[in-house]
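The values are calculated or read from the model by the stated rules, or taken from the named source; none is laboratory data. In this text, all values refer to a predicted model and were calculated from it rather than measured experimentally. Here the Cβ positions follow ideal geometry from the backbone for every residue, glycine too, while neighbour counts run over all protein chains shown. Calculation scope for accessible area: heavy atoms of the full protein, side chains included, ligands and nucleic acids excluded. Shrake-Rupley method; radii C 1.70, N 1.55, O 1.52, S 1.80 Å.
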Amino acid sequence: LSNRVEAWTRDVDFLLRQEGRPMVNLTGDRKHVRVMEADWRNTDKAVNWLKEEATNLTQPFVLYLGLNLPHPYPSPYAGENFGSSTFLTSPYWLEKVTYEAIKIPKWSSFSEMHPVDYYSSYTKNCTGEFTKQEVKNIRAFYYAMCAETDAMLGEVISALRDTGLLKKTIIIFTADHGELAMEHRQFYKMSMYEGSSHVPLLVMGPGVKAQQQVPNVVSLVDIYPTMLDIARIPVPQNLSGYSLTPLLRGKAENEVSPRGPRPSWVLSEFHGCNTNSSMYMLRTGTWKYIAYADGRSVLPQLFDLTADPDELTNVAIKFPVVAHSLDKLLRSIVNYPKVSSSVQEYNKRQFISWKQSLGQNYSNVIANLRWHQDWLKEPKKYENAIDKWL
């Protein structure tokens with residue numbers, strides 16, 4: 001509910017913290033391996049199924065294992081609904097992290113921040129003071145959580161190896177988003193910066209060329225046609241994604257598939273909470289172009305990821321021809337000003353419908369969502385801001 005109301009009201013003229021301040025928590029001792037117990041239980045179920053069921057199957061199988069790690073954990077210190085902002089691990093995993101190798105990300109000053117960045121940083125409760133040690137700890141604990149996730153993948157691979165299924169099984173490991181881990185003065189996701197939008201994609205199995213790193217930009221929408229391709233099911237022509245099979249086999253990137261060559265770009269868009277604008281990312285070659293709202297009221301960003309991998313310098317004004325051509329390409333893929341406008345209308349419509357459904361309870365319910373710590377200081381002020389927006 002908090003996620004939805006926060007997203008619907010993002011055009012309201014107020015700033016409210018929507019998350020707990022990111023923090024770390026060390027639990028257990030050097031023998032405490034299974035920190036995220038629910039994920040380990042699901043991993044055990046997957047392993048047992050492979051050993052007991054998959055070995056007896058005459059037909060090919062698909063097994064999907066979704067893990068919550070390395071998401072931050074809920075932060076109980078700030079109330080049940082106050083977001084997930086605790087990076088939690090045990091000494092067992094933390095000792096696997098090389099502290100000296102951890103980079104402290106550079107931060108722009110508040111006055112230099114893009115307006116959407118400032119809103120995100122504020123709502124994620126990251127605009128306060130953080131020591132270098134705090135930032136380093138958050139990143140170290142995140143890496144430790146990644147190590148625990150990696151161990152779960154190892155259990156699945158070991159089970160496939162033990163049952164003799166590894167040689168004839170394709171494994172795809174990926175994620176729905178990354179973790180900023182204090183890059184750009186943010187944690188979590190809801191951002192087009194690399195820490196949030198660039199996800200792992202690892203594939204192993206028969207027919208997959210070993211030890212290769214594919215330089216092409218690809219997208220999560222490519223996974224569905226890839227799985228159809230692997231299963232020898234005809235891939236529908238109207239999909240957004242393209243099968244990755246030719247790339248996995250080490251074929252030339254320009255090898256023509258039945259649908260023609262794969263595009264040289266990937267698209268991402270986001271319309272949810274923790275941002276005060278719809279955002280659209282086009283990634284092609286060395287460039288990343290991010291457009292906001294209608295393309296005019298909020299300035300776009302352009303980053304050269306080769307020269308500026310940390311995405312600290314917006315070069316949209318320096319390279320107007322590149323920015324213009326990428327904006328034109330983006331508009332040919334998605335009419336983003338029109339989409340942004342329809343999202344704004346949708347947000348207002350949904351909010352009004354939700355407000356009416358609450359009747360007399362409205363003031364109490366909206367005050368006690370995830371932003372309650374700020375809201376309860378001046379509830380009338382924030383209700384008035386919403387009335388003005390409506």
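Cβ separations smaller than 7 Å between residues 6+ apart or across chains give the following pairs from region 323-345 residues that are modelled with pLDDT of 95 or more to residues that are among the polar types (S, T, N, Q) and not in a helix (DSSP H, G or I): 339/278; 340/278; 343/278. Of all residues in region 139-158, count the ones that are of a type in the set (S, T, N, Q) and open to solvent by 20 Å² or more (accessible area, probe 1.4 Å). Within region 139-158, residues that are of a type in the set (S, T, N, Q) and open to solvent by 20 Å² or more (accessible area, probe 1.4 Å) number 1. A search for C-beta distances below 8 Å between a residue of region 22-42 that is of a type in the set (Phe, Trp, Tyr) and any residue that is open to solvent by less than 40 Å² (accessible area, probe 1.4 Å), counting only pairs 6+ apart in sequence or on different chains, returns 40/152.
Here's a check for you: in region 190-223, which residue that is closer than 21 Å to residue 69 by Cα and free of Cβ contacts under 8 Å to residues at least 24 places away in the same chain is surrounded by the fewest Cβ atoms within 10 Å (Cβ to Cβ)? Here the residue is 198. Set side by side, the residues 62, 12 differ, and just one is surrounded by fewer than 18 Cβ atoms within 10 Å (Cβ to Cβ) and in a loop (DSSP other than H, G, I, E, B), which is 62. Taking region 15-41, which residues are open to solvent by less than 20 Å² (accessible area, probe 1.4 Å) and over 18 Å from residue 85 (Cβ atoms)? Scanning region 15-41 gives 39, 40.
Go through region 42-59 and give me each residue that's among the charged types (D, E, K, R) and exposed (fewer than 11 other Cβ atoms within 10 Å of the Cβ).
Restricting attention to region 42-59, the residues satisfying the condition of being among the charged types (D, E, K, R) are 44-45, 51-53.
Once the filter is applied, which keeps residues that are among the charged types (D, E, K, R) and exposed (fewer than 11 other Cβ atoms within 10 Å of the Cβ), region 42-59 yields only 52.
Residue count for region 15-48, restricted to those that are over 26 Å from residue 118 (Cα atoms) and either modelled with pLDDT under 95 or not in a loop (DSSP other than H, G, I, E, B) (or both): 14. Taking the listed residues 161, 185, the one that is touching a Cys at 6+ places or on another chain (Cβ under 7 Å), open to solvent by 20 Å² or more (accessible area, probe 1.4 Å) and modelled with pLDDT of 95 or more is 185, with no other qualifying.
Residue 339 fulfils the conditions (1) crowded, with 19+ Cβ neighbours inside 10 Å; (2) within 29 Å of residue 12 (Cα to Cα); (3) in contact with a strand residue (DSSP E or B) (Cβ under 8 Å, 6 or more places away or on another chain) except for a single criterion, (1). Given the criteria open to solvent by less than 60 Å² (accessible area, probe 1.4 Å) and aliphatic (A, V, I, L, M), does residue 334 qualify? Here the answer is yes, as residue 334 does meet what is asked.
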